[in-house]
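Enquirer: This is the structure I want to talk about, given as structure tokens.
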Amino acid sequence: MRKIGVGIIGFGTIGERIARLLAQRPDFQVVAAWDPSAEAIQRIEAFDRACRRRTAAEVVAAPVELIYIASPPATHLEHLRLAAGAGKAILCEKPLAVDVEAAAATVDRLERAGVRAAVNFGFAVSPPVQALGDALRAGRIGEVRQARIDASFRAWPRPWQPAGGWLAGRQEGGFVREVLSHFVFLAQRLLGALRVERSRVDFPADGVGSETAIQARLTAGAIPLEVSACVGGEEDDFNAFTLIGERGAGRTHHWYSAEIQDGASWVDLCPATPEQALARNRTALLDHLAAMMRGGSHTLASLREALSVQSCIERLLAGGATAL
């Protein structure tokens with residue numbers, strides 16, 4: 001089997017995680033990687049010294065077919081244009097960008113050029129989410145009447161993320177962009193285009209830190225979608241997306257589980273241990289990525305879908321903000 005050469009721009013927590021997943025596959029080979037951080041450079045060399053490059057441009061110029069962009073959000077558009085200009089396929093981390101207008105212009109340009117590109121929203125390839133979608137289309141809960149997104153975090157950033165840097169800042173980071181965007185994507189996939197009706201966001205008074213809470217209402221056509229999320233929960237990372245139908249309910253929770261209630265109790269649509277569920281989702285991501293690279297069918301999120309999500313997210317963050 002011919003391996004797909006991959007170049008990685010950004011070797012933070014997620015960049016390194018994907019690199020190690022790719023290294024376990026017979027159909028991918030990580031050829032080049034770059035990050036401006038001295039600490040990240042050490043991790044690149046520990047991963048594979050031969051992969052290290054001195055600039056993002058050197059990664060793009062390497063003998064690779066796919067560029068994985070895992071740099072901070074404010075640099076995504078620059079790296080998208082760099083990779084597309086070299087004729088490379090692209091997998092970009094979300095959020096697509098922070099500047100929605102600039103992102104729209106870039107997406108238009110890349111679509112006109114026919115660039116193969118996707119954005120890494122995990123729910124796009126999640127087997128439990130696909131099973132939930134199948135159950136909805138089969139009418140198991142009847143017509144959807146309402147939906148909810150709930151999330152909470154003991155602290156932000158979460159324990160496995162770097163404590164400082166852009167993730168904790170208002171300009172690029174925060175849990176609305178990093179976590180709620182996944183669920184906005186999911187709602188968009190399952191229910192259709194979303195409209196922000198109202199939003200209240202609490203920020204720290206320092207003018208620098210990212211949001212601490214959000215309460216919002218969106219609509220997907222006639223379906224109301226309520227959002228409630230905050231920092232200060234009892235779990236490091238709690239999340240749930242719930243759909244209430246005329247005859248039952250469906251939900252995802254804790255990232256990798258999906259259930260349906262069309263009787264007296266909830267039924268797991270894809271039973272697995274937490275470890276099995278995580279491995280299943282990671283395998284699905286790389287399977288779909290390989291399919292994209294070889295011209296096959298896949299359900300990875302498109303640039304246009306990611307742009308729609310980011311437009312919604314930025315409207316949520318801009319509406320009714322208060323400082324605490």
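Enquirer: If you check Phe238, Phe185, which single one turns out to be among the aromatic types (Phe, Trp, Tyr) and within 19 Å of Gln310 (Cα to Cα)?
Expert: Going through Phe238, Phe185 in turn, the sole match is Phe185.
Enquirer: Checking Glu45 against (1) among the acidic types (Asp, Glu); (2) under 18 Å from the mean Cα position of the chain (by Cα); (3) under 30 Å from Ala279 (Cα atoms), which single condition isn't satisfied?
Expert: Failing condition for Glu45: (2).
Enquirer: Any idea which of (1) under 27 Å from Arg280 (Cα atoms); (2) open to solvent by less than 10 Å² (accessible area, probe 1.4 Å) is the one Ala117 doesn't satisfy?
Expert: (2)
Enquirer: Pick out, from the stretch 127-221, the strands (runs of 3 or more DSSP E) lying fully within it that include 3 or more residues that are under 21 Å from the mean Cα position of the chain (by Cα) and crowded, with 16+ Cβ neighbours inside 10 Å.
Expert: Counting at least 3 such residues, we get 144-153, 213-220.
Enquirer: Would you please list the contacts, defined by Cβ atoms under 6 Å and residues six or more apart or on different chains, that run from a residue in the stretch 146-167 that is under 17 Å from Val208 (Cα atoms) to a residue that is in a helix (DSSP H, G or I)?
Expert: Trp156/Phe175; Pro157/Leu167; Pro157/Ala168
Enquirer: Follow-up. State whether one or more residues within the stretch 245-257 are assigned to a loop (DSSP other than H, G, I, E, B) and either open to solvent by less than 30 Å² (accessible area, probe 1.4 Å) or of a type in the set (Lys, Arg) (or both).
Expert: Taking every residue of the stretch 245-257 in turn, at least one turns out to be assigned to a loop (DSSP other than H, G, I, E, B) and either open to solvent by less than 30 Å² (accessible area, probe 1.4 Å) or of a type in the set (Lys, Arg) (or both).
Enquirer: Take the conditions in a helix (DSSP H, G or I) and touching a Phe, Trp or Tyr at 6+ places or on another chain (Cβ under 7 Å) and apply them to Leu82. Does it pass?
Expert: No, not satisfied.
Enquirer: For the stretch 13-35, enumerate the residues that are in contact with a Gly (Cβ under 9 Å, 6 or more places away or on another chain) and open to solvent by 10 Å² or more (accessible area, probe 1.4 Å).
Expert: Once the filter is applied, which keeps residues that are in contact with a Gly (Cβ under 9 Å, 6 or more places away or on another chain) and open to solvent by 10 Å² or more (accessible area, probe 1.4 Å), the stretch 13-35 yields Gln29, Val30, Val31, Trp34, Asp35.
Enquirer: Another question, if that's okay. Look at the stretch 94-117 and say how many of its residues are of a type outside the set (Val, Ile, Thr) and within 11 Å of Arg304 (Cβ to Cβ).
Expert: Selection size over the stretch 94-117: 7.
Enquirer: Check Cys230 against each of (1) open to solvent by 30 Å² or more (accessible area, probe 1.4 Å); (2) over 30 Å from Ala318 (Cβ atoms); (3) part of a strand (DSSP E or B) and name the one condition it does not meet.
Expert: (2)
Enquirer: Can you spot a residue in the stretch 101-122 that is at pLDDT 95 or above, within 26 Å of His298 (Cβ to Cβ), in contact with a helix residue (DSSP H, G or I) (Cβ under 6 Å, 6 or more places away or on another chain) and among the polar types (S, T, N, Q)?
Expert: Yes: the stretch 101-122 contains one or more residues that are at pLDDT 95 or above, within 26 Å of His298 (Cβ to Cβ), in contact with a helix residue (DSSP H, G or I) (Cβ under 6 Å, 6 or more places away or on another chain) and among the polar types (S, T, N, Q).
Enquirer: Would you check which residues across the stretch 62-89 are surrounded by fewer than 21 Cβ atoms within 10 Å (Cβ to Cβ) and either at pLDDT below 95 or under 20 Å from Thr13 (Cβ atoms) (or both) and list them?
Expert: Pro72, Ala74, Thr75
Enquirer: Take the conditions among the β-branched types (Val, Ile, Thr) and surrounded by 15 or more Cβ atoms within 10 Å (Cβ to Cβ) and apply them to Ile9. Does it pass?
Expert: yes
Enquirer: If you don't mind, there's one more thing I want to ask. Among residues belonging to the stretch 292-319 that are of a type in the set (A, V, I, L, M, F, W, C) and farther than 24 Å from Glu16 by Cβ, point out the one that is modelled with the lowest pLDDT.
Expert: Here the residue is Ala318.
Enquirer: On to the next question. Look through Ala124, Ala50, Ala102 and report the one residue that is surrounded by fewer than 16 Cβ atoms within 10 Å (Cβ to Cβ), aliphatic (A, V, I, L, M) and within 27 Å of Gly173 (Cβ to Cβ).
Expert: That would be Ala102, the only listed residue that is surrounded by fewer than 16 Cβ atoms within 10 Å (Cβ to Cβ), aliphatic (A, V, I, L, M) and within 27 Å of Gly173 (Cβ to Cβ).
The values are calculated or read from the model by the stated rules, or taken from the named source; none is laboratory data. No experiment lies behind these values; they were computed from the predicted model shown. For neighbour counting, all protein chains shown are included, and Cβ atoms are generated from backbone atoms with ideal geometry for every residue, glycine included. Please note that ligands, DNA and RNA were not included when accessible areas were found on the heavy atoms of the full protein model with its side chains. Shrake-Rupley method; radii C 1.70, N 1.55, O 1.52, S 1.80 Å.
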